[in-house]
Structures are given as structure tokens and as C-alpha cells.
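Enquirer: Mind having a look at this structure? Questions to follow.
Read-outs: derived from the displayed coordinates by stated rules, not from any lab. Given the structure is predicted, the values throughout are model-derived calculations rather than measurements. Using ideal geometry, Cβ is built from the backbone for each residue, glycine included, and neighbour counts are taken over all protein chains shown.
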Amino acid sequence: MASQSTVLVFLLFALALSGIELSTSQILKANVSCLQCISHYDLSGIKIAVKCENVKRIATTTTRSKGSFEVKLPSETSRNHQTPLNCLAKLIGGKNQICASRKNMVSKIVKTQKNSHSYTISTPLAFSTTCPKAAGFGSSKTVDLPLPREWGLAPSSYYVPFIPIIGIP
């Protein structure tokens, strides 16, 4: 009996040293980056969501100080652990306001070459800490039409344009 337990301990130890994974969980490991931040900017606390096609569950995680994150890919609980297909990672937000363009906000998840259970993102997830100013509906400058002084009217910028509605059915 003692020799069987010794063999079992030896096999488990050899398995641990060989690096063989016993679980079939798929792990996404990637980084986010800031486009205009200083080199030692704290990238922790940025939320990332991961969604896979035909899977109802969404996996979420937060980044560490250097912008790295790791999350188990969502999958249906079934006996056959198939590789998730068509998965996307998306920047959700952070402690402070972040702005990202559409191409930098979402990335497709791809398998890494090193490990069959390891995944990464195909395009970088990047953001800015300042948002560009939105284009307004019109100019905020006032327009002063030249009115003759002898009329005694206030400048034309004081009048609100009034367009009467004629012919309401």
C-alpha cells in the first residue's frame, strides 16, 4: 500500500513539473493601452467584457496596474469542452472617464500559438483619457446684422428668430 501511494505522489509531482494542464478551461490574457498617457500611468481598474457567440453568459474582468488582464472565456457547461468561436473583448469603462474609438474599443479573440488553451486579442484595446469635443449643431458665435442707428433698436443678436407656423391642419 505504501508503494502505491508513493507512485501516485511521484506521478502527480511529475505531472506538475511537466506543465501539463489537467483542466480544459480557456484563458484570455491580454493588455490595454493608453494612447496619450505618461509611461507610469496606472491602468488598473479598467473593465473589460468578453462575449462569445451562442453563449448567454458574459465574462468581465478588471485590469491590473500595467494594463494586463486575464479572464476565463465564457462557455456553456457541457461535457464536450469545445473551443469558443467568435469571441469579442470590449472596453467598458474605468475609474475615470475614458474615450476610445470604435476600432480600439472592440477586439476579436484569437488562439495563441504557444498553448492550446491560451487566447489573446487580435487588435489592441486602446483608449484616451480626454475625449474629443463633439461637433455642435451650429456655431455658438452670435451674428450681428447691421441695423441703422436711427431706428433705435437693440443689436440684432438680442432677438430670437421667430418663424411662424402657418397652415396647421
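Enquirer: Residue-wise, which Karplus ³J(HN,Hα) couplings in Hz belong to the range 54-63, taking 6.51 cos²θ - 1.76 cosθ + 1.60, θ = phi - 60°, and x for glycine or proline?
Expert: 6, 10, 6, 7, 10, 9, 10, 8, 10, 7
Enquirer: Please give the peptides 62-71, 38-47 ranked by average Cβ packing (other Cβ atoms within 10 Å per residue), highest first, as a rough proxy for protection.
Expert: 62-71, 38-47
Enquirer: Roughly what would the spin-label model give for THR60 and CYS37, points 7 Å off Cα along C-beta, in nm?
Expert: Inter-label distance under the simple model: 1.9 nm.
Enquirer: Given q = 0.13, 0.17, 0.18, 0.24 Å⁻¹, what are the Debye log10 I(q)/I(0) values for the range 27-128, with equal point scatterers placed on the Cα positions and solvent ignored?
Expert: For the range 27-128, the Cα-only Debye profile gives -0.45, -0.74, -0.82, -1.32.
Enquirer: Could I ask something else about it? Quote to one decimal, in nm, the extra length available between GLU150 and VAL110 on full extension: 0.36 nm per residue of separation minus the C-alpha distance between them.
Expert: Details: separation 40, 0.36 × 40 = 14.40 nm, distance 7.54 nm.
That works out to 6.9 nm of additional length.
Enquirer: While we're here: Which lysines, on any chain, are close to LYS90 with Cα under 28 Å apart, when same-chain ones fewer than 8 places away are left out?
Expert: Leaving aside lysines fewer than 8 places away in the same chain, those within reach of LYS90 are LYS29, LYS47, LYS51, LYS56, LYS66, LYS72, LYS103, LYS108, LYS111, LYS114, LYS133.
Enquirer: Given labels modelled 7 Å from the Cα in the Cβ direction, how far is it in nm from SER25 to SER118?
Expert: 1.7 nm
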